[in-house]
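Following: one structure in C-alpha cells, then a few remarks.
Each value in this text was obtained by applying a stated rule to the coordinates, not by laboratory testing. All of these numbers come straight from a predicted model, not from anything done at the bench. Heads up, the Cβs are rebuilt from the backbone with ideal geometry, glycines too, and the neighbour counts pull from every protein chain shown.
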C-alpha cells in the first residue's frame, strides 16, 4: 500500500540530455534506503522522479498502487501532500520566518483559510518548535530565515518535512551543508521519523559513512544507472571504491575513515506492524 | 609528439566568445530600428535652441510667474486636490480588485499542472493565455478614452475618472504583478505545489515573501501615475485638479496654473515618501 516502485524508468531532460536509464527500484512501505554515487550520477533526478516533480520519459512510477501520472488533478494533489521532499538547497524565501517556513509543510492538508490565518498568528508554533528541536534548532523558531546560516537553513528544510509528517520522505543530499555531528543528528532525525510513523525513506547521500551507518539498504548509482542495490551488510569496500573510481580520490564522507565506521549490528529492516 | 608520449592532449577551447556575434547583431539591429523611429517622431532637439524659439518659450513660461496665492483660489485648489486624491485612490483600489485575481490566474509559477506536466495542463495554459488577453485589452485602451466613454454614461464628475482608472490600471497592474511574481526565485513556490499546496498557499508562503516589496513599490508608483492621469482626465470633465487646470489655462491665468503644478510636485513627493515607508516596513 505504502511502497514506491519504479519500473524501467528513464528520463531525458527537455534539452535532450539523458539523466536516468532503465531504473527499476522497489521500496516497501516503511523501508529505508540510501542512494549513493558520484556527482552527476542522477541521484537528484531520481528523487525528483519519485517525488512526482518530473515525469518519467520511459517506464512507470507507482506510489502505493497508483500511477500518479494516470491520476486526476485532485488525486495527484492529495498524493503529493503525502510526499515530503528535503531539497539540497532549501527552497525557502529568505524573508519568511522560521516558524512559517516549517508550518508550510502542512499546506497540502490545511484548508486555505487556515493557511492564511496562520500567516497572522502561527497556527501551531508548538508543533514547529518540536520539529526544530529534533534538529537542535528550537531556539530559532521566531527568527527570519535570512538570519540563519546555510546549515541552519538546511535543517529548517528538514524540519518542514518532519512537520509535514508525510508517508514518503525523499531527501536529496539533506545534510550537504552540515558538519559531521549535525549531519549525523539530522539523518538520525529523518530515520527516527520514518521509524515512528512508518514512513518510507529514501535519501541520496554524498557521505558514504552516513549511508552505511543509518540505512539497511544501499543503492549505488553512476551515469544515470543503478550499479548495485543490496543490503548494506553485503556492500563491500571494493564495490564502493569501484563506484567512485571516476572521482579518482577517496570515498566522500563526513567522518574520518569509511572502513573504520562501525556498522551497527542492530540495523534491521524496520517495518510498520502489519505492513508486509 | 603527444602520440609518441602515449597521451592525447585535449583540444584547446578557442577563446572566441560564442555570444559575441549575437550581441553585435543585436546592437546593429537596435540602431537600424531606432534611427527611422527618431526621424518619424520628428526628433530635432536643436530647434529648441533656435533664436526665436527660446524667446517664445520664455515668454510663455514667464506668464506662469508668480504663482497665484489668492485665498479663494487656494480654497478651490484644496477641494480639487482632495478630489484628485480621492479619484486616484478609489481608482487604484478598484484596479486592485480587477488585477489581483487575474494576476493569480495568469502566473505560470503558480500553475500546478505545469509540473510534470500533469493533468489539466491544456486547460491551464488556455486559461493563462485568455487571462493575459483580457489584461492586454484592458490596458491597451488609454484611460482618457475610457473617461470620455464613462463621462457620457455617468455625466461630468469624478465617477467617470474612477471607473476609467479601474479598467486601464487593472490591466497594467495585473500584467506587471504577473511578471513580478514570475521573476525571481520561483523554486520555493514549486516546492510547495509539489507538496500538495493549493495555489493561494504557494502565493502567500513562497512568492509574496520574496516579491512583496517590489509589488508594493510598483503599486504606489501606479497610484502616483493615477494622480497624474486623473489630472489629464479632468481636462475632459472628470473633476479634480485637471478640471481646475483646464479652467485656469482657458482664462490664461498662468499664476494659477503654476500653483497647480506645484501641487502636483508636492503630491509626487508624498507618493515617493509613502513608497519609501512601505518598503521599509516590508523589508
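Computed extension length for residue B:277-residue B:53: 76.3 nm, one decimal, from 0.36 nm per residue of separation with the Cα-Cα distance subtracted. Extension gain for residue B:249-residue B:39 works out to 72.4 nm (0.36 nm per residue, less the C-alpha to C-alpha distance).
Averaging the sequence gap over all C-alpha pairs within less than 8 Å and six or more residues apart, then dividing by the number of residues, gives chain A a relative contact order of 26 percent.
Over the C-alpha atoms of the range B:28-105, the Rg to Rh ratio, Rh being the Kirkwood estimate, stands at 1.24.
Principal axis analysis of the Cα atoms in the protein assembly as shown yields extents of 98, 69, 42 Å, listed in decreasing size. The fraction of all Cα pairs in the range A:101-147 landing in successive 5 Å bins from 0 to the largest distance is 5, 21, 30, 24, 15, 5, 0, given as whole percents. Largest first, the three principal axis extents of the alpha carbons in the range A:75-223 are 45, 38, 30 Å in whole numbers.
The rule of thumb for compact globular proteins, 2.2 N^0.38 Å, goes into the C-alpha radius of gyration of the range A:1-144 1.22 times.
With the convex hull of its Cα atoms as the shape, the range B:132-283 has an orientation-averaged projected area of 10.8 nm². Normalised by 2.2 N^0.38 Å, where N counts its residues, the alpha-carbon radius of gyration of chain A equals 0.99. With a 10 Å cut-off between alpha carbons and a GNM built on chain A, which of A:39, A:204, A:149 moves the most? Result for chain A, Cα springs under 10 Å: A:149 fluctuates most. From helices alone, chain A scores -9500 deg cm²/dmol at 222 nm; the rule is -39500 (n - 2.57) for each run of n ≥ 4 DSSP H residues, then divide by the residue total. Only Cα pairs under 8 Å and 6+ residues apart enter the sum, and on that basis the relative contact order of chain B stands at 25 percent. For the range A:91-142, relative contact order (Cα pairs under 8 Å, six or more residues apart, normalised by length) works out to 42 percent.
Distance between the C-alpha centres of the range A:41-69 and the range B:177-201: 21 Å, rounded to the whole angstrom. If you run the Gaussian network model on chain A, springs between alpha carbon atoms under 10 Å, then out of A:251, A:79, A:25 the most flexible one is A:25.
Computed across the range A:64-150, the Kirkwood hydrodynamic radius from all distinct Cα-Cα pairs reaches 14.5 Å. Once divided by 2.2 N^0.38 Å, the Cα radius of gyration of the range A:141-221 becomes 1.09.
Counting only alpha carbon atoms, the long axis of helix B:254-282 and the longest principal axis of chain B meet at about 30°. Placing a label point 7 Å from the Cα of residue A:227 along the Cα-to-Cβ direction, the residues of the range A:25-46 whose backbone N falls under 20 Å of that point are A:25-26, A:33-46. On a C-alpha basis, how far is the centre of the range B:53-129 from the centre of the range A:172-239 in Å? Whole number, if you could? Taking the Cα centre of each part, the range B:53-129 and the range A:172-239 sit 55 Å apart.
Put a dot 7 Å past the Cα of residue A:179, heading toward its Cβ, do the same for residue B:79, and the two dots end up 7.3 nm apart. Counting neighbouring beta carbons within 10 Å and listing from fewest to most, the residues A:87, A:13 come out as A:13, A:87.
Taking 1.567 mPa s as the viscosity and 4 °C as the temperature, the Stokes-Einstein diffusion coefficient of the range B:195-283 based on its alpha-carbon Kirkwood radius rounds to 84 µm²/s. Taking Cα atoms only, the orientation of helix B:240-250 departs from the longest principal axis of chain B by about 60 degrees. For chain B, the percent of C-alpha pairs falling in each 5 Å distance bin, counted from 0 to the bin holding the largest distance, reads 1, 5, 9, 10, 10, 11, 12, 12, 9, 7, 5, 3, 3, 2, 1, 1, 1, 1, 0, 0, 0. Principal axis extents of the Cα atoms in the range B:117-157, from largest to smallest and rounded to whole angstrom, are 52, 16, 10. Look at the stretch A:106-113: the mean tally of other chain Cβ atoms within 10 Å of its residues' Cβ atoms is 5.
Taking the longest Cα principal axis of chain B as reference, the axis of helix B:121-140 is set at about 30 degrees. Taking all Cα-Cα distances within the range B:79-185, those exceeding 18 Å account for 54%.
The overall shape of the range A:20-96, judged from the alpha-carbon gyration tensor, is oblate: a/c is not under 1.5, and a/b is no greater than b/c.
Per DSSP H run of at least 4 residues, take -39500 (n - 2.57); add these up for chain B, divide by its residues and hand me the 222 nm value, nearest 500 deg cm²/dmol. Taking each H run of at least 4 residues, the total per residue is -25000 deg cm²/dmol.
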